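Asks: Just dropping this structure here.
We did not get these values from a lab; they are worked out from the coordinates using the rules stated. Everything quoted here is computed from the prediction, not taken from an experiment. Glycine gets a Cβ as well: all are built from the backbone with ideal geometry, and neighbour counts include every protein chain shown.
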Amino acid sequence: MACSLADRAMDEGPIRAELAEITGLKAESVTRVVKANGGWRVGLEMLEMSRIPNATDVLGDYEVVLGGDGAIREFVRKRTRLRGEPVESEAE
């Protein structure tokens with residue numbers, strides 16, 4: 001079953017669709033998937049504001065926690081940034 005949770009975490013559909021429905025934002029990309037406490041922590045970039053040129057789009061970096069059953073247990077916006085800005089690594 002762990003493999004199916006990892007597949008769900010990186011899938012184009014379920015998590016992105018659920019968060020889009022909850023937040024009203026478009027999920028741009030999955031940035032990380034980490035196994036944690038019988039579930040998964042998934043990093044996503046969500047488009048918060050579209051601008052021209054698109055390098056100035058505002059992206060939100062979100063962390064989503066999935067339970068062992070694959071359901072969303074928690075999601076938190078960690079930070080916002082412009083699309084063109086380099087991503088700083090964060091210590092965990």
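Asks: Considering only residues of segment 52-92 that are among the β-branched types (Val, Ile, Thr) and in contact with a Leu (Cβ under 8 Å, 6 or more places away or on another chain), which is farthest from Thr23 (Cα to Cα)?
Replies: Quick first cut of segment 52-92, residues among the β-branched types (Val, Ile, Thr) only: 52, 56, 58, 64-65, 72, 76, 80, 87.
Okay, now just the ones that are also in contact with a Leu (Cβ under 8 Å, 6 or more places away or on another chain), so 56, 58, 64, 72, 80.
On the way: Thr56: 21, Val58: 15, Val64: 13, Ile72: 13, Thr80: 15 Å.
Out of the qualifying residues, it is Thr56.
Asks: Could you grab me the full set of residues in segment 46-92 that are among the charged types (D, E, K, R) and assigned to a loop (DSSP other than H, G, I, E, B)?
Replies: Arg51, Asp57, Asp69, Arg83, Glu85, Glu88, Glu90, Glu92
Asks: Give the residues of segment 37-53 that are surrounded by 12 or more Cβ atoms within 10 Å (Cβ to Cβ) and either touching a helix residue (DSSP H, G or I) at 6+ places or on another chain (Cβ under 6 Å) or among the small types (Gly, Ala, Ser) (or both), sorted by residue number.
Replies: Gly39, Trp40, Val42, Gly43, listed by residue number.
Asks: Sort through Gly70, Gly60, Gly84 and tell me the only one that's touching a residue at least 12 places away in the same chain (Cβ under 8 Å), in contact with a helix residue (DSSP H, G or I) (Cβ under 7 Å, 6 or more places away or on another chain), buried (at least 16 other Cβ atoms within 10 Å of the Cβ) and of a type outside the set (A, V, I, L, M).
Replies: Gly70
Asks: Can I ask one more? Among the residues of segment 12-36 satisfying the criterion of being of a type in the set (Asp, Glu) and surrounded by fewer than 13 Cβ atoms within 10 Å (Cβ to Cβ), which is farthest from Val76 (Cα to Cα)?
Replies: The qualifying residue farthest from Val76 (Cα to Cα) is Glu12.
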